[in-house]
Each structure stands twice: as structure tokens, then as C-alpha cells.
Amino acid sequence: MRLLTFLAALVAVLFVAPPAQAHVRETSVVVDLRSQGDGVAAVVDVEYDVLARLLSLDGFLSPDAAGTDGTAAEVPTGVRRSSLDAHASDVAAYVGERLRLSRGSIGCTAADGARVELADSGAARVALAYDCPASGALTVRSDIFRPSDGVIDGTTTKVVYDIDGSRGATLLDTARTSVTVGHTDLLSEIPRFVKLGAEHLYFGLDHVLFLLALLLGAKRLRDVVGVVTAFTVAHSVTLVPAAIGWVSVPGWIVEPLIALSIAFVALDNLLSTRTRHRLPVVFGFGLLHGLGFAGALSIDGPLSVSMLANLVAFNVGIELAQLTIIALAFPALLFLRRAATTPVAARALTLGTVAATVVVAGAGLVWFVERSPLLT
């Protein structure tokens, strides 16, 4: 009877619930800067949907977009490529105007002929060449996707640079829109990357639901310590190599599997009475989540001490956010379990746990279908 009830509830979640969205309101921009003779070569990756809404390109999806049957809407890649080709001059002009470089307080000029394309990641990529008439330290200012544009609430811009022998990475946001290359203090950058890591976990609903699925299946503190340690070690193993490009797995493989990991752990909580397999399974899924975390902080180019420090800080931010969620959620679960001393309360708690698990599993399955190119 319990299995039948579970299956009925799961079907209801899959067919009634609206498409889940893992990330809304915030966006990120990646700027890669390299010395090129007397100038600077810049490669800028921006989220296509945000750029398209701003410049009225074809093939963009709103955060809550859905098809007529309630499933996730899809836009053919060819539509987006064609739209970028047709509006390449507008896209290049926007990015070139909003990404300003200068040396010795003298502005650099973006040359004509910028390359605009759709990257394999799905981002709109703009390659620019800047001519810098003056010498001196390079200052970078980014106003790409300001809140005043009316299409996004906040933007985090990651600037990776290899300029005049100085290599590193830094973060810009609405409170800090410019940086001078080589003048960044490593200790001042670390808190920004810790914050970025924490925000990536908090605003990545898929990672949060995976954690909650683990907690729903844990009976004792020892269980929590075991699965969380396995998950932490595993995603730390893959995060750094993937972020610096030593390991590369396409997003169309990683993202559906991350979604499937959520559904698997949730279903395993209900359908399996054995827990011996849980640690190796969680470790394996942790490797996948590490690849997903790295997608927010991929670094192209030689590894430096500052880049490695930033990657570690980013991972620390993830761990702190993870511990915060556990510190809030698991004691609450324990309290409810210990407070359910009557048969009615115990049954209500069981039904509530099953319902929560079904919602988590349903979200994971919906995301799996949304993210799988072979199923959409």
C-alpha cells in the first residue's frame, strides 16, 4: 500500500507540477583577457537568454517558459546561432561598450570585426581585440547586464587574465565593477570567491535538493557525517581539475546526471531498506556534482597560485553553505522525529516525509527530462 501511494503521488508531481527552475534572477559573465602584442584579446561569455531579452534576439526563454503541454520549452540551437549571426554587430557593440579597458587612464579601443558565436556551453561568446595606445597597468571595467537594464537582478563577472606576465582571476559585481590587473590583493579576493561558492550552492536548487534527499534518508548523526563526508570529498576531487580544464565532461552529460542523482537518492530512501550501498553511491554522485560546481568557475589558461587559492576559496564557500543547510535542516528533522511520540503524530510524520521525498524525486526527474537532449 505504501508503494502504491508513493507511485500515485509521484505521478501527480510529474504531471501537475510546473517545470522546475534551478537558477533564476542572477546571471554570470566570464571575461578572459590575454596580452596580444600591444593590445589585449578578450573573450566574453554571457548567458544567451539574458542577452536575447535585452537585444531582442530570437530564441530566448523566460525563466518560467513552458510549452503548450506544460513541459519545458526548447529552442533549437540553429535558431540561436542564426539570430547571433544576424545581430552580430549589435551584440559586439553592446559587449564592447560595456566592457571597457584602459592603460594608464587612457582608454583602449575595441577593434571592428569581433567574432560572435554560440559556444558549446550554450553561452553567447564574443571575441574582441582591444588596441591600447598607452602603457601601464590594465584596468578592466564591466557593466554587462546592469540591474538598470531591467532583465536581471544581479550579475557576477569573473575576470580571468594573463596580462604582462601577471596571471590570476577576480570577481566583479554591482558593488565592484572595475579592477586593475596585478593590483588585486589575494587576501581581499578570497572572501569574494568564498561568497561566490556559497551563493552557487544556495541558489542552485538542484544541489540543495540533493542535500535534503541525503538528510531525509539519514536516521542518525553518524549517517549524516558519513554521507556528507563522502559527498564533500568526491566533489572536491573533481571541482579543481574540472575548473582548470584537466578534466572535461560536456554539460549535456553532467547536468542530466546531476538531476538523476537527486531522484535516485530520494527514491532509494523509500524503496530500499539497506544502507550499505549509500556511501559509494553518494561518492559517485559527488564526483558529478563537483563537475557541476566547476561549471561556475571554469578557468582557461595556466594555473597560478592566486587561481588555485581562488578555487580553494570557492570550494570553502560551498562547504560552508552546505554545513549551514545541514545545521538547520537535520536538527529540525531530529526534533520532529523525537516529538512524534503518539501513533497519530508518527503517522503524520511518516506521510510528511514521504510527501517531501516524492517532491524531491519528482523535481529531479523533471530536471532530468528537461536537461536530456535525447528526451526533449
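Couple of notes before you dig in:
- Where Pro63 falls short, out of the listed (1) exposed (fewer than 15 other Cβ atoms within 10 Å of the Cβ); (2) modelled with pLDDT of 80 or more: (2)
- Qualifying residue in the range 128-144 (condition: open to solvent by 10 Å² or more (accessible area, probe 1.4 Å), without any contact (Cβ under 8 Å) to a residue 12 or more places away in the chain and not β-branched (Val, Ile, Thr)): no
Table: residues versus (1) open to solvent by 40 Å² or more (accessible area, probe 1.4 Å); (2) part of a helix (DSSP H, G or I); (3) out of contact with any Gly (no Cβ under 8 Å at 6 or more places or on another chain); (4) modelled with pLDDT of 90 or more.
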| site | (1), (2), (3), (4) |
| --- | --- |
| Ser261 | no, yes, no, yes |
| Asp300 | yes, no, no, no |
| Val312 | yes, yes, yes, no |
| Thr341 | yes, no, yes, no |
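- Considering residues of the range 237-256 that are crowded, with 19+ Cβ neighbours inside 10 Å and of a type in the set (Gly, Ala, Ser) only, the residue modelled with the highest pLDDT: Ala242
- Per the conditions (1) among the small types (Gly, Ala, Ser); (2) assigned to a strand (DSSP E or B); (3) at pLDDT below 90, the sole criterion not satisfied by Gly122 is (2).
- For the range 267-275, the condition of being touching a helix residue (DSSP H, G or I) at 6+ places or on another chain (Cβ under 7 Å), open to solvent by 10 Å² or more (accessible area, probe 1.4 Å) and modelled with pLDDT under 90 holds for at least one residue.
- The residue that is modelled with the lowest pLDDT, among those in the range 174-224 that are open to solvent by 40 Å² or more (accessible area, probe 1.4 Å) and within 13 Å of Ala313 (Cα to Cα), is Leu186.
- So Leu171, is it buried (at least 18 other Cβ atoms within 10 Å of the Cβ) and in contact with a Lys or Arg (Cβ under 6 Å, 6 or more places away or on another chain): yes
The values are calculated or read from the model by the stated rules, or taken from the named source; none is laboratory data. None of these values were measured; they are calculated from a predicted model. Don't worry about glycine lacking a Cβ; one is built from the backbone with ideal geometry, like all the others, and counts go over all protein chains shown. Accessible surface is based on the protein model in full, side chains and every heavy atom, while ligands, DNA and RNA are left aside. Shrake-Rupley method; radii C 1.70, N 1.55, O 1.52, S 1.80 Å.
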